[in-house]
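S.K.: Below: one structure in structure tokens.
The values are calculated or read from the model by the stated rules, or taken from the named source; none is laboratory data. Worth saying up front: this structure is predicted, and the values here are computed from it rather than measured. All Cβ positions, even for glycine, are placed from backbone atoms using ideal geometry, and neighbour counts span all protein chains on display.
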Amino acid sequence: MGYYYNRHLSTFDDVRNWYERTKPVVSKMHTREDDIRPIGRRSRKWERIKKINNNCYALLTWGYDRISYYGARHVENRTAPKELKRIAPIVWERNPKTGEEFVTVHNFRSGYATSLYEFLRKYLPGRMTLPNSRDGRQWVYTGTDTYYLPYNNYLPPNFADYYHYKDAKERAAHTRPSAERKLVFKRDGTNFVLVSDPYTLERKAKSVVLKEEKKAFRTEIREFKQFVTVMAPVIGSADATSQAERSALVKDLVQAATGEDKVYVYGRWWQRYEPDIMRKALTDSESPMRVALVYAFIGYAKNCDWYVPSERENASDLFKSRLNNFVNLAFRFTKDNN
């Protein structure tokens, strides 16, 4: 712990001054009005400082304000400043009356955000850092104490097209300010003292299986697993196919299955569609989505190999376990265990 001590943004003035002396990036993608001011290398412009007001600055990385850094600008759906305060990885605030400084730290909405965790390790102030963890949970270490950092449940209105929920009531619960999860620290010289209530880590499963819903698709799931078991080794051994070619193929398959003109097949794209769309791949053996999901499973399984000994990566029991987990996730047979 503490690999990044003595970083350059450890006071409110450090952050404000860095913002003021950093020229906005101006390119074919972004105008001066977009106010893209990188924290470090200008080539990594998604790691930047956003001024909320004279007494508040947010340190951002990819995805928080919904603008794009490649292709098109996509500034029309950017996150409002007041919403950024509830989701930004690091928020610096100063009380204009007392001069007291506070740092707010937010986790992501799920445990699949390794780039965010590296961002926090680089830009948390002073002796604060995020220790490496293998259990999927995150903690903030201040140099003397360690605090659990839960996933942030808050959902800004402009993320409505990105996260899908079963009904309006479930989504509304995530848009209330009370859904925000954060740790707030007060700067005391070179130390940072927690001033918000700490969170207690409940040792329970993050999600539970919807057994009755899954039971209704028992036969279809068995057939789908057999299909993946046969096809995954064939597709996975096609070494001559480049990543770009595979992505293009998956994109065509998803377009054919959904009828959408524009689809995105990066990351866990298969978790961005509604359950009824995904479950057609179970009920329709001719659905193009079936083949697309084989490619998705291959990528999912590879990401599970980080801490598995090489001799165990192709073990049959691991394959079956991962395929079962993938089925639960892809076809929405799980729910958060809140």
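S.K.: Please work out which one of (1) farther than 21 Å from residue 45 by Cβ; (2) in contact (Cβ under 8 Å) with a residue 12 or more places away in the chain is the condition residue 139 fails and give its number.
M.R.: (2)
S.K.: Please enumerate the residues belonging to region 62-78 that are surrounded by 23 or more Cβ atoms within 10 Å (Cβ to Cβ) and not charged (D, E, K, R).
M.R.: Correct list: 64 only.
S.K.: Still on this model: Can you pull out the residues in region 211-225 that are assigned to a loop (DSSP other than H, G, I, E, B) and surrounded by fewer than 16 Cβ atoms within 10 Å (Cβ to Cβ)?
M.R.: Answer for region 211-225, where residues must be assigned to a loop (DSSP other than H, G, I, E, B) and surrounded by fewer than 16 Cβ atoms within 10 Å (Cβ to Cβ): just 216.
S.K.: Need pairs with beta-carbon distance below 9 Å; first residue over 22 Å from residue 302 (Cα atoms) and modelled with pLDDT of 90 or more and within region 241-270, second basic (Lys, Arg) and in a helix (DSSP H, G or I); sequence gap 6+ or separate chains.
M.R.: Pairs that qualify, where the first residue is over 22 Å from residue 302 (Cα atoms) and modelled with pLDDT of 90 or more and the partner is basic (Lys, Arg) and in a helix (DSSP H, G or I), are 257/280; 257/290.
S.K.: Look through region 67-86, keep the residues that are small (Gly, Ala, Ser) and modelled with pLDDT under 85, and return whichever of them is nearest to the chain's Cα centre (by Cα).
M.R.: 68
S.K.: Between 202, 220, which is charged (D, E, K, R) and modelled with pLDDT of 90 or more?
M.R.: That would be 220, the only listed residue that is charged (D, E, K, R) and modelled with pLDDT of 90 or more.
S.K.: Just checking, does region 88-102 include any residue being modelled with pLDDT of 90 or more, touching a Leu at 6+ places or on another chain (Cβ under 8 Å) and surrounded by fewer than 19 Cβ atoms within 10 Å (Cβ to Cβ)?
M.R.: no
S.K.: Can you name every residue in region 316-338 that is in contact with a Pro (Cβ under 8 Å, 6 or more places away or on another chain) and not basic (Lys, Arg)?
M.R.: Within region 316-338, just 331 meets the criteria.
S.K.: Scan region 326-338 and report the pairs whose first residue is more than 15 Å from residue 274 (Cβ to Cβ) and whose second residue is of a type in the set (Phe, Trp, Tyr) and not in a loop (DSSP other than H, G, I, E, B), with Cβ atoms within less than 8 Å and a gap of 6+ or a chain change.
M.R.: Final answer for the pair search is 326/297; 326/300; 327/224.
S.K.: Inspect all residues belonging to region 239-248 and state whether any of them is of a type in the set (Asp, Glu) and in contact with a helix residue (DSSP H, G or I) (Cβ under 9 Å, 6 or more places away or on another chain).
M.R.: no
S.K.: Among (1) more than 23 Å from residue 159 (Cβ to Cβ); (2) surrounded by fewer than 18 Cβ atoms within 10 Å (Cβ to Cβ), where does residue 126 come up short?
M.R.: Unmet for residue 126, out of (1) more than 23 Å from residue 159 (Cβ to Cβ); (2) surrounded by fewer than 18 Cβ atoms within 10 Å (Cβ to Cβ): (2).
S.K.: Scan region 175-198 residue by residue and report those that are assigned to a loop (DSSP other than H, G, I, E, B) and more than 23 Å from the chain's Cα centre (by Cα).
M.R.: Within region 175-198, 189, 190, 195, 196, 197 qualify.
S.K.: Give the residue that is surrounded by the fewest Cβ atoms within 10 Å (Cβ to Cβ), with candidates limited to residues of region 31-61 that are outside any loop (DSSP other than H, G, I, E, B), among the hydrophobic types (A, V, I, L, M, F, W, C) and free of Cβ contacts under 8 Å to residues at least 60 places away in the same chain.
M.R.: Within region 31-61, the match that is surrounded by the fewest Cβ atoms within 10 Å (Cβ to Cβ) is 52.
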